[in-house]
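Take a look at the structure below.
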Amino acid sequence: MRTLLLLAAALALKAPAVAQLPVEAHRSPEVLLQSDDPDLAANKKLVFDFWREVLQARHVDRAARYLAEDYIQHNPNVATGRDAFVEFFGQRPPEPIKETIDDLVRIVAEADVVVLAFRRELPDLAREGQTYTTTWFDMFRIADGKIVEHWDYGTKE
């Protein structure tokens, strides 16, 4: 009996933990824009407004306010350059611009880089009909008041 209990305890310790705390969007995204460094605050605001207006609401006519003409894209589904960005994202009609970004968890800025973290809900392939949350990231490099480079989770469609 003691051997059976020891075996059960050993298996329990080796089993992966499956209890996950769900990822939650930040309740006050305006707080995330703050920084003691005015350059970092400006970079955060630039990326925040770009995301709200151009990506989320699809007002690609505003892309020139935020993106350098030679903008570098690292997502394999979108070509490099501001014109290519506008062509790709301008295929759907614009929507009203919101004051916040949907599912935004955090904004982090350091030097010339701003990272946005988002809550994502995805289907749980191991549990039919159920979902789970995870975190998605986009990273931008800023130069001369414009977004000049972007990285994300992009995979080929």
> Which condition does LEU55 not pass, out of (1) among the hydrophobic types (A, V, I, L, M, F, W, C); (2) under 21 Å from PRO93 (Cα atoms); (3) crowded, with 20+ Cβ neighbours inside 10 Å, if it passes all the others?
Replying inline: (3)
>> Taking the conditions exactly as written (assigned to a strand (DSSP E or B) and under 22 Å from LYS44 (Cα atoms)), does PHE140 satisfy them or not?
In response: yes
> Taking the stretch 87-102 as the search range and keeping residues that are under 30 Å from ASP36 (Cβ atoms) and among the hydrophobic types (A, V, I, L, M, F, W, C), which one is surrounded by the most Cβ atoms within 10 Å (Cβ to Cβ)?
Replying inline: ILE101
> What residue, of ASP49, ASP39, is part of a helix (DSSP H, G or I), more than 14 Å from VAL108 (Cβ to Cβ) and free of Cβ contacts under 8 Å to residues at least 12 places away in the same chain?
Replying inline: ASP39
> Right, VAL108: of a type in the set (A, V, I, L, M, F, W, C), touching a Leu at 6+ places or on another chain (Cβ under 9 Å) and under 12 Å from ILE147 (Cβ atoms) or not?
Replying inline: no
> Looking at (1) in contact with a Pro (Cβ under 8 Å, 6 or more places away or on another chain); (2) of a type outside the set (Ser, Thr, Tyr); (3) without any contact (Cβ under 8 Å) to a residue 60 or more places away in the chain, can you tell me which one LEU104 breaks?
Replying inline: (3)
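Please find, within the stretch 102-114, the residue that is farthest from THR133 (Cα to Cα) out of those that are outside any strand (DSSP E or B) and in contact with a helix residue (DSSP H, G or I) (Cβ under 8 Å, 6 or more places away or on another chain).
This residue is ASP112.
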>> Out of the residues in the stretch 103-148 meeting the condition of being acidic (Asp, Glu) and at pLDDT below 95, tell me which one is farthest from ASP39 (Cα to Cα).
In response: GLU128
> Right, ALA126: outside any strand (DSSP E or B), out of contact with any Phe, Trp or Tyr (no Cβ under 9 Å at 6 or more places or on another chain) and within 24 Å of VAL23 (Cα to Cα) or not?
Replying inline: yes
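Listed here are the residues, each with its yes/no results for (1) farther than 23 Å from TYR153 by Cβ; (2) in a loop (DSSP other than H, G, I, E, B); (3) of a type in the set (Lys, Arg); (4) touching a Ser or Thr at 6+ places or on another chain (Cβ under 8 Å).
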{"residue": "LEU21", "(1), (2), (3), (4)": "no, yes, no, no"}
{"residue": "THR80", "(1), (2), (3), (4)": "no, yes, no, no"}
{"residue": "PRO96", "(1), (2), (3), (4)": "yes, yes, no, no"}
{"residue": "THR100", "(1), (2), (3), (4)": "no, yes, no, no"}
{"residue": "LEU116", "(1), (2), (3), (4)": "no, no, no, no"}
> Taking the stretch 107-153 on its own, how many of its residues are of a type in the set (Asp, Glu) and on the phi > 0 side of the Ramachandran plot?
Replying inline: 1
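The values are calculated or read from the model by the stated rules, or taken from the named source; none is laboratory data. Computed from a predicted structure; not experimentally measured. Positions of Cβ are generated from backbone atoms using ideal geometry, with glycine treated the same way; all protein chains shown enter the neighbour counts.
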